[in-house]
Amino acid sequence: MNHDVIIIGGSYAGLAAALQLVRARKSVLIIDAGQRRNRFASHSHGFLGQDGVEPAVIARTARDEVEAYPTATFVEDMAVAISGEKDQFSVLTKAGENYRGRRILLATGVADELPPIDGLAERWGQSVFHCPYCHGYELNEGQIGVIATGEMSTHQAELLTEWGQVTLLVNGAFALDATARRSLEDMGAVIEETPIDKITGVADVHLTDGRVLSFAGMFTASRCSPSTPLAEDAGCALEETMMGIQIQTNETKETSVTGIFACGDTARIPHSVSLAVGDAAMAGVMVHRSLVWP
């Protein structure tokens, strides 16, 4: 069967795009490996109509809605290669299956590269976060730690003063100049330059001088990149952003390869469920239009 569209990635973005396409009665195959980026978080916030709901519940509800349409097909597998061209694409999966489609939509999300600090990865999505709009409110204006990853961390720390008392943990990530130091201090942030040894408890930071700083929660700017090499291997151009590498797309969400589109966190910044869903809904519309007016 030659599907109208093959969507690679069946999380929030992939499902939002799929919904637009199946409502246009297009044949849509969604290939999903089940690795949602926010699978470590217990609750999702800031998404209208689903605020505070468990991420897995949101994803399951969304999938149920898409599956209700007869032109939607789901495959639980991992896409490993894309070949062909517009109207004649082929997607190979890890299980060895080949699927054909007229258009490809990449909604694969991103992988987070975290600072190499003992205890941080285990708390990612639980008490260490990247988005204040998603998790800042729940910290109840308490003590907030920001683990620096580069100069942009000063802006993250400044923004987070809206949600609580902030301590910027420089941790040797960069040299803090006088202008940035003054700006942080003017906004009430505390600057801590002693390196971090480890993180324990909910968000207890052990410094190398023996002190322990306890926080209600912590934030850090992970460096992001597409979660799979599919786009690059298919010839799609990538671009560098302040948050890492993403797939380059134009105003219609099409990549540099004709007939391959991309949406969600893998193709835009900043990142959140709401923004990914909105971006993907537009991508679904644009993919449909490319089928109507090829």
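Every read-out reported here was derived from the displayed coordinates using simple, explicitly stated rules and does not represent laboratory data. Being a predicted model, the structure only gives us computed values, none of them experimental. With ideal geometry, Cβ positions are generated from the backbone for all residues, glycine too; neighbour counts draw on all protein chains shown.
Do me a favour and compute the ellipsoid semi-axes for segment 138-294 from its Cα gyration tensor, root of five times each eigenvalue, largest one first, whole Å. The partial results should precede the final answer.
Details: eigenvalues 302, 51, 41 Å².
The three semi-axes for segment 138-294 are 39, 16, 14 Å.
Against the globular-protein guess of 2.2 N^0.38 Å, express the Cα radius of gyration of segment 73-133 as a ratio, rounded to two decimals.
Values: Rg = 17.6 Å, N = 61, 2.2 N^0.38 = 10.5 Å.
Its radius of gyration relative to the 2.2 N^0.38 Å reference: 1.67.
Using only Cα atoms, tell me the angle between helix 55-67 and the longest principal axis of the chain; keep it within 0 to 90° and round to the nearest 10.
Once rounded, the angle reads 10 degrees.
How far, in degrees from 0 to 90, does helix 12-22 lean away from the longest principal axis of the Cα atoms of the chain, to the nearest 10?
Once rounded, the angle reads 20 degrees.
Given the rule -39500 (n - 2.57) for each run of at least 4 DSSP H residues, summed and divided by the residues of the chain, what is its mean residue ellipticity at 222 nm, to the nearest 500 deg cm²/dmol? Walk me through the numbers before you get to the answer.
Values: 7 runs with 69 residues, N = 294.
Calculated mean residue ellipticity at 222 nm is -7000 deg cm²/dmol.
Using only Cα atoms, find the angle between the long axis of helix 273-292 and the longest principal axis of the chain, and express it within 0 to 90 degrees, rounded to the nearest 10.
Rounded to the nearest ten degrees, it is 20.
Taking just the C-alpha trace of the chain, give me its Rg and Dmax in Å.
Final numbers for Rg and Dmax: 20.8, 65 Å.
So what are the ³J(HN,Hα) numbers for segment 262-271, from phi and the Karplus equation (6.51, -1.76, 1.60; θ = phi - 60°), rounded to whole Hz, Gly and Pro as x?
8, 7, x, 4, 6, 9, 7, 10, x, 10
Antiparallel versus total DSSP beta bridges in the chain: what percent is that, nearest 5?
Working: 27 of 62 bridges.
Rounded to the nearest five, the antiparallel share is 45 percent.
With every atom except the alpha carbons ignored, what do you get for Rg and Dmax of segment 115-220, in angstroms?
In order Rg, Dmax, the Cα atoms of segment 115-220 give 12.4, 34 Å.
Cα extents of segment 1-130 along the three principal axes, largest first, in whole Å?
Projected onto its principal axes, the Cα set of segment 1-130 covers 47, 33, 21 Å.
Pairs of alpha-carbon atoms within less than 8 angstrom and 6+ residues apart define the contacts here; what relative contact order does segment 115-220 have, in percent?
Numbers: 203 pairs, mean separation 35.5, N = 106.
Relative contact order comes out at 33 percent.
Using amide H atoms built 1.01 Å from N in the peptide plane, name the residues 5+ places from V53, or on other chains, whose amide H lies under 5 Å from its own.
S44
Only four residue types carry charge here, +1 at the Cβ of Lys and Arg and -1 at the Cβ of Asp and Glu. Report the dipole size of the chain about the Cα centre in Debye, rounded to the nearest 20. Kindly include the intermediate steps, with their values, before the conclusion.
Numbers: 22 positive and 37 negative charges, 229 e Å.
In total the dipole reaches around 1100 debye.
Tabulate in residue order the Karplus-calculated ³J(HN,Hα) for segment 117-130, using 6.51 cos²θ - 1.76 cosθ + 1.60 with θ = phi - 60°, rounded to whole Hz; enter x for Gly and Pro.
Those phi angles translate into 10, 4, x, 6, 4, 5, 9, 5, x, 10, 9, 10, 10, 10 Hz.
Using θ = phi - 60° and the Karplus curve 6.51 cos²θ - 1.76 cosθ + 1.60, what whole-Hz ³J(HN,Hα) does each residue of segment 98-114 get, with Gly and Pro shown as x?
Result, rounded to whole Hz: 10, 10, 10, x, 7, 9, 10, 10, 8, 10, 7, x, 10, 9, 9, 9, 9.
Which net charge results for the neighbourhood of P132, defined as the other residues with beta-carbon distances under 14 angstrom from its beta-carbon, given Lys and Arg at +1 and Asp and Glu at -1? Don't jump to the answer; show the numbers that get you there.
Details: positive: none; negative: E138, E141, E158, E162.
Here the charged neighbours net out to -4.
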